[in-house]
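The values are calculated or read from the model by the stated rules, or taken from the named source; none is laboratory data. Worth saying up front: this structure is predicted, and the values here are computed from it rather than measured. So basically every Cβ, Gly included, is an ideal-geometry build from the backbone, and we count neighbours across all protein chains shown.
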Amino acid sequence: MKQFAVVAPADLASATRMLAEPNRSALAGGVDLLDMLKQELAAPAELVNLKALGGLDRIESVPGGVLRIGPLVTLNQLAAAPAVRERHPALADSAAQAATPQVRNLATVGGNLAQRPRCWYFRNPDIVCLKKGGTKCYAVAGLNRYHAILGGGPSFIVHPSNLAPALIACDASLALNGPDGERKIAVGDFFTSPKVDPRRENVLKPGEIIAAIEVPAPPTGARSAYLEAREKQSFDWPLAAAVAILALNRAGEVVHARIVMGAVAPIPWRAPSAEKILLGAKLDRALADRAAEAALAGAAPLAHNAYKIPIARAMVRRAILRAGGVADEPA
Amino acid sequence: MANEPANPSAREPAAGFCAMLRTKFSYFRAPGGARLIDPASATACYSCMRTQRPFGPDDRPVGADSCRDADRACFVPED
Amino acid sequence: MARRVTLRLGFEGGLRDVVVTIPDDEPAPWQWGEKFSVVGVDTPRLDGPLKAAGRAPYTYDIQLPGMLHGAILRSPYPHARIRSVDLGVARRLDGVRAALDRSGAAVRFAGQEVAAVAAVTLEIARDALRLVKVDYAPMPFVTAMEDAMRPDAPAVFESGANVGAPHINEIGNVAAGFETAAASVDAVYTTPVQTHVSLETHGAVASWNGDELTVWCSTQGIFGVRDDLAVHFSLPPENVRVITAYLGGGFGSKFGAGHEVIIAAELARMARAPVKLMLSRAEEHVATGNRPCSQQHVRIGAARDGALTAIELEQHGSGGIGGGSGSAVPYLALYRCPNLRTRERNVYINAGPASPMRAPGWPQGCFALELAIDELARKLNLDRLEMRRRNNPSPVRALEYDIGARAFGWDQRARAPKARGPIRRGVGVASAAWHGIGASGPQAQCVAFRDGRVAVRIGTQDVGTGTRTIIAMVAAEELGVPLQSVTAEIGDTRYLFSLPSGGSMTAPSTTPAVRQAAAHLKGKLLRLAAPALGAAPEDLVISDGVVRVRAEPDRAIEFADLCRRIPGDSLAADGEHVPNYGGYSTAQAGCQFAGVEVDIETGIVRVTDFVAVHDAGVIVDPLTARSQVNGGIIMGVGFALFEDRLIDPQTGLMVNPTMDDYKLPGVLDTPEIRAYFVEVANGITNTGVLGMGEAVHVAATAAIGCAVADAIGAPVRDLPLTPDRVLAAIGGV
């Protein structure tokens, strides 16, 4: 690890000014950053400590039913917050299932969205891959059992954020604050496909930070579910994750549907084709099967990760059934 | 008796190995004082005390057979 | 000189009288029905509070005045010639105190040691490594065993072929055995490379005082490290002192002075200052050893009644640039089979060398053999436990099968419906064996102090199994004093010699020496007590901390009061491990039952519960014994479901050398474990204690593999049992 200084900004404006300087990194929970420093993948001269700024670690209910979540809210705080649990159980669950209690006590919502990928080629200090300015993605011809099955190329990472699929399904947006002021974008627009730029995972400009996460009130009657499949039940990254948010009318027909997958693509992967199949139809197991089939229809696996397709399909189907209140198996 | 688990102290210790040859059982001795190196073991992991590696100063693999060869240039007799 | 004693030996249902000849100064071996007051009582580790509070000084914790920090530069190439190593710039970096070329001519795995530096901080040392200029000439490499076996594969050693000559075991006539078989199985099983992942990495702190060297070292064998350092530096062994007060695991990877120990001592000598060199987790994964991979082609046949008629094994394994990858021993040891042939071949690849790992060869061999036996039992339509009973050579294991089957509910669970939604339940059973007997060499000293305290000192080390605790228990038992008055002092070559902690040999090697030392001390104390009590020493006994006249228990003196009669500061006596004599049996049996749940839509396996039945002679501390069972099974879960050292074929680099990517079982992956012990009085030493570390591990992975096959109705013959493999097996049903 190279030597660095930790600086405490006086306010948000000075934080973004400091971060706009070259060779600066934002320090929030420090979970991913410390890994990056120790593996010598990042060597900033200064860490700008966002924890020095007050007020970024709160969850506020604002008029109109919007939850405004500070970027320094920890995953455990998010998972336990009554307002989140009641209105957005899928979001609470996506936070609760990440990593370990110790990590969740430190890791922040902002950091979870902005963390770097876990790809083992990217993380290996002896390998200069496409993401680090090299010429190829080593996953293509290498060991790719955990890599992307959707939306891959030229890089085949999977985005590691647990929260992003749930936030996208909630139609959440981000307030980004930078030297040029604040802008607001949908969470779904925050992430950058490797087809646009393989060296980045999001649209943050130099100096920009996530200043707030805004989650609107769920549609009337909406219910949500988050499920992830992990090889290990303790401290592991998902092989596939799925969020379903559904609202049903009295006839049992789907009137609102959001299906978003995690850990399957370089960005959180929304499945509009699945949503389309659900909308207007009566929810039962056969419909959930068809929607899950559609969600994975475009999958293009690499040599060693085709097994993720049925797993992702099962997560989508189960999330739909759980959100829709339909038993997975006949009683 | 073949249908019995390996029993290290039941082995008749062999002799004549290079003094630099190491394996787990080279740190054990039979009641007669010989190191318990077992050339018949298929699970012994050998290394050379000169290099700390499974090959010797001459760049060739070490083992119970190859390090019993007094003609090997790096061979050191035991006391 | 020697005397003959008749001992009641064996186990419940298999007792007999055995006459053994033992030296005069040796206490009579503990036998069946022995009345203990300390031994056999659940006893928390004596050093548990210290460890839990973070106050136990591990090598990692050693800090010395003026201490420097060492770091090692490793090759990023899996195979290369080294043309030159230039340390000049690194050596001139501010804060660097020493630099060392460790390259040799050839690099044969990515991670091989090339150079080392010592600096005033670890960060400066690592900065300096980046300034070392190495001119590598990369060469073709091979990192997958199946690739290395091809005739046109790059040669790992120029001096010879990648595939070694076979180790052959042959009994009876295999061809004839298959002719009489009513059914047979012919299948290939594979197991991956597993790394030890000791929580404390390898490393040492080295400090010179003239030509005297003191080394704090994370090692399983302090005397081995001492002797290796003495050879390396041409010093008399008494000039080298090695200390391992606390050790964060070894599992076989920490025998002798490895690179990091030699390098720390070399750098300390060059810099004229103490040097600490502890490896990183990545270094630990790539360079300090591993359990070799295996590919086992098994043919196995049995008669209609399940009796095995023939086993044939064609095995290849790779210990990287090292050897020792055999896995045939379980085939020879676990079951009766009249016709048997095994051929084991080592294959070199460009990867870090293997080192012994918890029952070398056994978990690999057991996995393939037990899965094959299950496949055979299915063909013969036999209950899988019954199949094992028919071929079981051990009367102790026969009892253990019964105990385990009852506790696990085998008869019900093996026949229970498997499906609940997408979940399939399965059960498996596998057998264990070991020879956790001791070896000669250990000596111990027992000291009574004037204040009534007793110290037992022995140059062993506690690899994490509870050695410190059981040594104190044995001394307390023999002396008849409460455990609280005994401290065990270990982990220092200034104490009397003991052996490395490996091969499940620590408890059986050390406890007889400790007991003899305690018996000798008791003799001296009783001679001291005799005049005070007006009785002959042989008429006195000590129990519960009181010395009494055997025939008149009211004539007594407190142990602490007796100690005040010690004329000097203390009274000491030595003892030694007497070579094993006769007795009942040196063999250990054991069996483990596993329950699993498999999600057939995701292929994810969860191990729900285990029943383990084991024997290890006299169980000194059932609590630490159960702890060993837990550890052995958890490590088996890791080998079964998760662990796999993965090397990228493009670069030859290990891609998962972290705790994140190299997957170990966590709390939620740990099954409920119930352990049962069958007491065996074996009389082969004065304590009859056998080691447990390996016996409790060998069957765990196999039992899980068998349970998964039962759950999904198809064997998964390749470890780890990851979702891709499980889904593929289900697809093939």
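On the stretch given as the range C:256-287, residues that are of a type in the set (Val, Ile, Thr) and within 11 Å of chain B (Cβ to nearest Cβ) total 3.
Before we move on, is A:ARG85 part of a strand (DSSP E or B) and either assigned by TED's automatic domain parsing to the domain that holds A:LEU163 or under 20 Å from A:ALA164 (Cβ atoms) (or both)? Please lay out each step first, then the result.
On the way: part of a strand (DSSP E or B): no; either assigned by TED's automatic domain parsing to the domain that holds A:LEU163 or under 20 Å from A:ALA164 (Cβ atoms) (or both): yes.
It is false that A:ARG85 is part of a strand (DSSP E or B) and either assigned by TED's automatic domain parsing to the domain that holds A:LEU163 or under 20 Å from A:ALA164 (Cβ atoms) (or both).
A:LEU19 satisfies every condition listed in (1) without any contact (Cβ under 8 Å) to a residue 40 or more places away in the chain; (2) part of a helix (DSSP H, G or I) except (1).
For (1) modelled with pLDDT of 95 or more; (2) part of a loop (DSSP other than H, G, I, E, B); (3) charged (D, E, K, R); (4) closer than 17 Å to A:ILE309 by Cβ, each residue gets a yes or a no:
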residue	(1), (2), (3), (4)
A:ALA212	yes, no, no, no
A:TYR226	yes, no, no, no
A:TRP237	yes, yes, no, no
A:ARG258	yes, no, yes, no
A:MET261	yes, no, no, yes
A:ALA274	yes, no, no, yes
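Tell me yes or no: at least one residue of the range C:403-410 is away from every other protein chain (no Cβ under 14 Å), in contact with a Leu (Cβ under 7 Å, 6 or more places away or on another chain) and in contact (Cβ under 8 Å) with a residue 24 or more places away in the chain. Before the answer, list the steps.
First, pick out the residues of the range C:403-410 that are away from every other protein chain (no Cβ under 14 Å): C:403-410.
Adding the requirement that they be in contact with a Leu (Cβ under 7 Å, 6 or more places away or on another chain) leaves C:405, C:410.
Add one more test, that the residue is in contact (Cβ under 8 Å) with a residue 24 or more places away in the chain, and what stays is C:405, C:410.
Yes, that holds for at least one residue.
In the set (1) out of contact with any helix residue (DSSP H, G or I) (no Cβ under 6 Å at 6 or more places or on another chain); (2) in contact (Cβ under 8 Å) with a residue 40 or more places away in the chain; (3) at the interface with another protein chain (Cβ under 7 Å from one of its Cβ atoms); (4) among the charged types (D, E, K, R), C:GLU601 fails one condition alone, (1). The residues in the range C:219-246 that are buried (at least 24 other Cβ atoms within 10 Å of the Cβ), part of a loop (DSSP other than H, G, I, E, B) and not small (Gly, Ala, Ser) can be counted, and the count is 3. Checking each residue in the range C:308-322 for being surrounded by fewer than 24 Cβ atoms within 10 Å (Cβ to Cβ) and under 11 Å from C:LEU376 (Cβ atoms) picks out C:LEU308, C:THR309. Listed conditions (1) outside any strand (DSSP E or B); (2) of a type outside the set (Ser, Thr, Tyr); (3) crowded, with 21+ Cβ neighbours inside 10 Å; (4) over 21 Å from the mean Cα position of the chain (by Cα) are all met by C:ARG527, apart from (3).
Looking at the structure I just gave you, is A:GLY181 of a type outside the set (D, E, K, R), more than 10 Å from every other protein chain (Cβ to nearest Cβ) and under 27 Å from A:THR16 (Cβ atoms)?
Details: of a type outside the set (D, E, K, R): yes; more than 10 Å from every other protein chain (Cβ to nearest Cβ): yes; under 27 Å from A:THR16 (Cβ atoms): yes.
So A:GLY181 fits the description; yes.
Scan the range A:127-139 and report the pairs whose first residue is outside any helix (DSSP H, G or I) and whose second residue is surrounded by fewer than 21 Cβ atoms within 10 Å (Cβ to Cβ) and basic (Lys, Arg), with Cβ atoms within less than 9 Å and a gap of 6+ or a chain change. So the pair list comes out as A:CYS129/A:LYS136; A:GLY133/A:ARG199.
A quick yes/no check of all residues on (1) surrounded by fewer than 16 Cβ atoms within 10 Å (Cβ to Cβ); (2) hydrophobic (A, V, I, L, M, F, W, C); (3) not assigned by TED's automatic domain parsing to the domain that holds A:ALA98:
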position	(1), (2), (3)
A:GLN3	yes, no, yes
A:ALA26	no, yes, yes
A:LYS38	yes, no, yes
A:GLY65	yes, no, no
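In the range A:296-320, the qualifying residues are those that are over 14 Å from C:GLY603 (Cβ atoms) and free of Cβ contacts under 8 Å to residues at least 40 places away in the same chain, and the one that is surrounded by the most Cβ atoms within 10 Å (Cβ to Cβ) is A:ARG317.
Inspection of the range C:714-729 identifies at least one residue that is facing chain A (nearest Cβ under 8 Å), within 23 Å of A:ALA99 (Cα to Cα) and in a loop (DSSP other than H, G, I, E, B). Annotation: A:PRO22 fulfils all but one of (1) within 25 Å of C:ASP127 (Cβ to Cβ); (2) in contact with a strand residue (DSSP E or B) (Cβ under 9 Å, 6 or more places away or on another chain); the unmet one is (2). Restricting to the range B:24-51, give me the number of residues that are over 17 Å from C:SER509 (Cα atoms), at the interface with another protein chain (Cβ under 8 Å from one of its Cβ atoms) and not in a loop (DSSP other than H, G, I, E, B). Residues meeting the conditions: 1. Among residues of the range C:435-456 being crowded, with 23+ Cβ neighbours inside 10 Å and at pLDDT 95 or above, the one that is farthest from the other protein chains (Cβ to nearest Cβ) is C:ALA448. C:ALA181 fulfils the conditions (1) touching a residue at least 40 places away in the same chain (Cβ under 8 Å); (2) part of a loop (DSSP other than H, G, I, E, B); (3) within 11 Å of chain B (Cβ to nearest Cβ) except for a single criterion, (3). Here A:ASN144 meets each of (1) out of contact with any Phe, Trp or Tyr (no Cβ under 9 Å at 6 or more places or on another chain); (2) crowded, with 18+ Cβ neighbours inside 10 Å; (3) part of a loop (DSSP other than H, G, I, E, B) with one exception, condition (1).
Taking only the range A:222-249 into account, find how many residues are among the aromatic types (Phe, Trp, Tyr) and facing chain C (nearest Cβ under 7 Å).
Final tally of qualifying residues: 1.
Could you please let me know if A:LEU130 is crowded, with 19+ Cβ neighbours inside 10 Å, within 14 Å of chain C (Cβ to nearest Cβ), at pLDDT 95 or above and in contact with a Cys (Cβ under 6 Å, 6 or more places away or on another chain)? For A:LEU130, the condition - crowded, with 19+ Cβ neighbours inside 10 Å, within 14 Å of chain C (Cβ to nearest Cβ), at pLDDT 95 or above and in contact with a Cys (Cβ under 6 Å, 6 or more places away or on another chain) - is met. Scanning the range A:27-46 for residues that are of a type in the set (A, V, I, L, M, F, W, C), within 19 Å of the chain's Cα centre (by Cα) and assigned to a helix (DSSP H, G or I) returns A:VAL31, A:LEU33, A:MET36.
Looking at C:ALA444, C:ALA430, can you tell me which residue is among the aliphatic types (A, V, I, L, M), under 29 Å from C:GLU200 (Cα atoms), in contact with a strand residue (DSSP E or B) (Cβ under 8 Å, 6 or more places away or on another chain) and part of a strand (DSSP E or B)? Show your work before the answer.
Values: C:ALA430 fails: under 29 Å from C:GLU200 (Cα atoms).
Testing whether each residue is among the aliphatic types (A, V, I, L, M), under 29 Å from C:GLU200 (Cα atoms), in contact with a strand residue (DSSP E or B) (Cβ under 8 Å, 6 or more places away or on another chain) and part of a strand (DSSP E or B) leaves just C:ALA444.
If you take the residues in the range C:501-547 that are within 14 Å of chain B (Cβ to nearest Cβ) and polar (S, T, N, Q), which one is farthest from C:VAL454 (Cα to Cα)? Break it down stepwise before answering.
Residues of the range C:501-547 that are within 14 Å of chain B (Cβ to nearest Cβ), as a first pass: C:501-506, C:508-510, C:512.
Of the ones still in play, those that are also polar (S, T, N, Q) are C:501, C:504, C:506, C:509-510.
Working: C:SER501: 24, C:SER504: 27, C:THR506: 21, C:SER509: 21, C:THR510: 17 Å.
Checking each candidate, the answer is C:SER504.
Answer yes or no: is there a residue in the range A:107-124 that is under 16 Å from C:GLN650 (Cβ atoms), touching a Ser or Thr at 6+ places or on another chain (Cβ under 7 Å) and at the interface with chain C (Cβ under 10 Å from one of its Cβ atoms). Within the range A:107-124, not a single residue is under 16 Å from C:GLN650 (Cβ atoms), touching a Ser or Thr at 6+ places or on another chain (Cβ under 7 Å) and at the interface with chain C (Cβ under 10 Å from one of its Cβ atoms).
Among the criteria (1) closer than 22 Å to C:ARG126 by Cβ; (2) in a helix (DSSP H, G or I), the one A:SER14 does not fulfil is (1). With respect to (1) surrounded by 14 or more Cβ atoms within 10 Å (Cβ to Cβ); (2) more than 14 Å from every other protein chain (Cβ to nearest Cβ); (3) more than 30 Å from the chain's Cα centre (by Cα), the lone exception for C:GLY40 is condition (3).
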